[in-house]
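Here's the structure we're looking at; comments come further down.
The values are calculated or read from the model by the stated rules, or taken from the named source; none is laboratory data. Remember, predicted model here, so these are calculated numbers, not experimental data. Don't worry about glycine lacking a Cβ; one is built from the backbone with ideal geometry, like all the others, and counts go over all protein chains shown. Just the protein is used for accessible areas: all its heavy atoms, side chains included, with ligands, DNA and RNA removed. Shrake-Rupley method; radii C 1.70, N 1.55, O 1.52, S 1.80 Å.
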Amino acid sequence: MYLTERQAEILEMAKAEGRVLVEDLAQRFSVTPQTIRKDLNDLCDARVLNRIHGGAIFPSGKENVKYESRRQIAAAEKQAIGRAAASLIPDNASLFINIGTTTEAVGEALLDHKELMVITNNINVANRLRVFPSIEVVIAGGVVRGSDGGIVGEAAVDFIKQFKVDFAVIGASAIDHDGALLDFDYREVKVAQAIIANARHVILVSDSTKFERTAPVRIGHISQVQTFITDRCIIENVKKICADQGVKLIETEV
């Protein structure tokens with residue numbers, strides 16, 4: 001495919017940031033939203049980007065988007081998801097919080113809770129919550145990923161298996177249309193599977209861009225969680241699976 005100078009720049013922005021939005025691009029390039037939509041449609045037709053509501057994302061199938069870029073993707077949606085998840089968790093509860101930028105948003109929304117025990121393999125969550133005396137933080141041991149502060153590996157799995165908690169908050173890098181939950185790092189997946197197996201109530205938190213992505217390693221299936229919180233569930237088959245399997249679906253933008 002031949003790319004115009006503007007399309008090439010849009011593609012580079014999507015690679016760097018993970019997502020581009022029509023309105024932002026129209027303002028940046030001083031063109032109409034219709035012009036940008038045509039650019040994005042051309043790039044998506046060439047299969048170098050994937051279309052999402054209001055923009056497009058870079059389809060990273062083998063390697064995840066860089067951590068700081070992931071934090072910026074759907075940031076407002078993640079905050080709303082975080083607040084919705086925190087509202088389900090009562091004071092005096094024990095819970096796992098897994099790796100991920102959306103799970104970090106849940107941790108941020110828990111700061112006013114009392115007498116929580118938070119077990120996490122996410123250094124960012126532990127560092128944020130540790131200064132609050134009403135929250136006891138227990139952190140897993142294992143290999144620390146320099147890219148995002150996630151703790152992974154067999155030591156982390158063995159550590160998680162020592163607990164049986166009230167709630168677990170987990171994320172996924174991608175959600176397939178058949179309900180499969182997917183990630184990029186098999187070591188992280190092993191920890192996530194241990195978390196699911198050792199919690200009484202599993203809360204999956206994921207913004208709607210995850211429906212447009214793919215990843216190579218299977219965590220499990222959406223039917224294994226009790227609650228799924230997203231900004232918008234844009235895949236009808238996933239809605240049907242939730243209804244059929246008794247998974248409570250919460251859409252924060254509805």
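See the values below:
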read-out: Restricting the stretch 1-13 to residues that are within 27 Å of the chain's Cα centre (by Cα) and modelled with pLDDT of 85 or more, the residue that is most open to solvent (accessible area, probe 1.4 Å); value: GLU9
read-out: Check on ASP244, of a type in the set (Asp, Glu), closer than 18 Å to THR103 by Cα and either surrounded by fewer than 18 Cβ atoms within 10 Å (Cβ to Cβ) or touching a residue at least 12 places away in the same chain (Cβ under 8 Å) (or both); value: no
read-out: Restricting the stretch 208-224 to residues that are of a type outside the set (A, V, I, L, M, F, W, C) and under 26 Å from SER94 (Cβ atoms), the residue that is most open to solvent (accessible area, probe 1.4 Å); value: GLN224
read-out: Selected residue (criterion: surrounded by the fewest Cβ atoms within 10 Å (Cβ to Cβ)) from residues of the stretch 14-35 that are within 22 Å of PHE211 (Cα to Cα) and touching a Phe, Trp or Tyr at 6+ places or on another chain (Cβ under 9 Å); value: ALA16
read-out: Number of the exception - GLU236 against (1) under 24 Å from LEU21 (Cα atoms); (2) of a type outside the set (Val, Ile, Thr); (3) modelled with pLDDT under 95; (4) open to solvent by 50 Å² or more (accessible area, probe 1.4 Å); value: (3)
read-out: Selection count where residues are surrounded by fewer than 20 Cβ atoms within 10 Å (Cβ to Cβ) and part of a helix (DSSP H, G or I), scope the stretch 36-62; value: 6
read-out: Residue pairs meeting the criteria (Cβ under 6 Å; at least 6 apart or on separate chains; first more than 22 Å from PHE159 (Cβ to Cβ), in the stretch 191-210; second of a type in the set (S, T, N, Q) and assigned to a strand (DSSP E or B)); value: SER206/THR230; SER208/THR230
read-out: Residue list for the stretch 70-105, filter: under 26 Å from HIS53 (Cβ atoms) and free of Cβ contacts under 8 Å to residues at least 24 places away in the same chain; value: ALA75, ALA76, SER87
read-out: Those residues of the stretch 158-184 which are surrounded by fewer than 21 Cβ atoms within 10 Å (Cβ to Cβ) and either closer than 18 Å to VAL144 by Cα or free of Cβ contacts under 8 Å to residues at least 24 places away in the same chain (or both), in sequence order; value: ASP158, PHE159, GLN162, PHE184
read-out: Unmet requirement for GLU68, which otherwise passes all of (1) charged (D, E, K, R); (2) more than 15 Å from the chain's Cα centre (by Cα); (3) modelled with pLDDT under 95; value: (2)
read-out: Candidates ILE135, ILE119, ILE139, ILE123 - the one that is of a type in the set (A, V, I, L, M), crowded, with 16+ Cβ neighbours inside 10 Å and over 21 Å from ARG187 (Cβ atoms); value: ILE135
